[in-house]
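S.K.: Quick one: the structure is below, and I'll ask about it shortly.
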Amino acid sequence: MKGLTGKEEEIMTHFWEKGDLFVKELLAFYDDPKPHFNTLSTIVRALEDKGFLSHRVFGNTYQYYAAISEEEFRQGALKGVVKKYFNNSFLSVVSSLVKEEDISVEELKKLIAEVEKGKNRNK
């Protein structure tokens, strides 16, 4: 999955939160000075080219909608970070979090218990 720029991610957030939108409707989510319609339209088309959005035709305009869920995006982004910075090892990620004290041993134990509980449910 291709990554998103900051502006692209901001626009995708609107689609994930609000649902189907016309580019003109996106303008309402911005404070003054609002971005130009053509600027938003260009970014939306780029998001469609990347596979994040799709559209329906309404007369001479398009209504866009999210082609992937926010959860699918998060999972893809996480996998990308793990691959790029942790040699594709989730164990290295957890180890790094423990070393940096971003996750406590107690939280790690809870995580292990949740994983084990999930595996038992799938049997």
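S.K.: Report, in whole Å, the centroid distance computed from the Cα atoms of the stretch 37-53 and the stretch 65-79.
M.R.: Centre-to-centre distance over Cα atoms comes out at 16 Å.
S.K.: Say a paramagnetic label sat at a point 7 Å from the Cα of Val57, along Cα to Cβ; which residues of the stretch 15-29 have their backbone N under 20 Å from it?
M.R.: Residues 21-24 fall inside that zone.
S.K.: Which of the aspartates and glutamates could a cross-linker bridge to Lys99, judged by Cα under 19 Å and excluding same-chain residues fewer than eight apart?
M.R.: Output for Lys99: Glu107.
S.K.: Taking a 23 Å limit on the Cα-Cα distance, which of the listed pairs Lys2/Lys83; Lys2/Lys119; Lys7/Lys50; Lys84/Lys109; Lys7/Lys34; Lys18/Lys110 fall beyond it?
M.R.: From the list (Lys2/Lys83; Lys2/Lys119; Lys7/Lys50; Lys84/Lys109; Lys7/Lys34; Lys18/Lys110), the Cα-Cα distance tops 23 Å for Lys2/Lys119; Lys84/Lys109; Lys18/Lys110.
S.K.: Specify the angular offset, from 0 to 90 degrees and rounded to the nearest 10, of the alpha carbon long axis of helix 105-121 from the longest principal axis of the alpha carbons in the chain.
M.R.: 80 degrees
S.K.: How big is the dipole moment of the chain about its Cα centre under a simple scheme where the beta carbon of each Lys and Arg is +1, that of each Asp and Glu is -1, and everything else is neutral? Debye, nearest 20, please.
M.R.: In debye, rounded to 20, the chain gives about 600.
S.K.: With a Förster radius of 25 Å, plug the Cβ-Cβ distance of Glu70 and Val105 into 1/(1 + (r/R0)^6) and report the FRET value to the nearest 0.05.
M.R.: 0.25
Taken together, the values in this text are just the output of simple stated rules run on the coordinates, not laboratory data. Predicted, not measured: the structure shown is a model, and the values here were computed from it. A quick note on method: Cβ atoms are made from the backbone with ideal geometry, for glycine too, and the neighbour counts reach across all protein chains shown.
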